[in-house]
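Below you'll find the structure, written out as structure tokens, and then a few comments.
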Amino acid sequence: MKRIVVVDDDENVREIFHIAFDDSYHVSSFANGDSILNRQTETPHLFIIDRMHPGSNGLDLCRFIKTDALYNQTPVMILSARNNIVTLGKSAGADIVIEKPFCLNYLQQQVEKYTL
């Protein structure tokens, strides 16, 4: 089964990912990126990262993933309601950036596309 790692400080958002994807993917979710930064997370098929969460900035976490030998082949999706997130996310190396609030169907399509 393909694996997705979600990093979002909002427990409700993390729960949405479990509800929407648990039938098709193994979803691991975290309130912050510490386990990734410490290389304690098994390499998934896709990282889904909120821009803001305690302990690390999602953009910095994306940059880490994209330069780390363990994770750098894994696509990164950035989610945020912040202004300029598309530009900021792309400059951090994100493969896709989705603005919140998002359409669940669109999110599911993009997850499927990036986990092929």
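Since every read-out is calculated from the coordinates, none of them should be taken as a lab result. Fair warning: this is a prediction, and the values are worked out from it, not measured in the lab. Cβ placement follows ideal geometry from the backbone for every residue including glycine, while neighbour counts extend to all protein chains displayed.
Things worth noting here:
- Taking 7 Å steps out from each Cα toward its Cβ at Lys90 and Asn105 produces label points 2.6 nm apart.
- Relative contact order computed over the chain (Cα-Cα under 8 Å; 6+ residues apart), in percent: 23 percent
- The GluC sites (Glu not before Pro) of the range 39-116 meeting both criteria, a DSSP state outside H, G, I, E and B (loop) and at most 11 other C-beta atoms within 10 angstrom of the site's C-beta, are Glu42.
- Per residue Cα convex hull volume in Å³ - calculated over the chain: 89 Å³
- The chain - mean residue ellipticity at 222 nm from DSSP helices (-39,500 (n - 2.57) per run, n ≥ 4, rounded to 500): -10500 deg cm²/dmol
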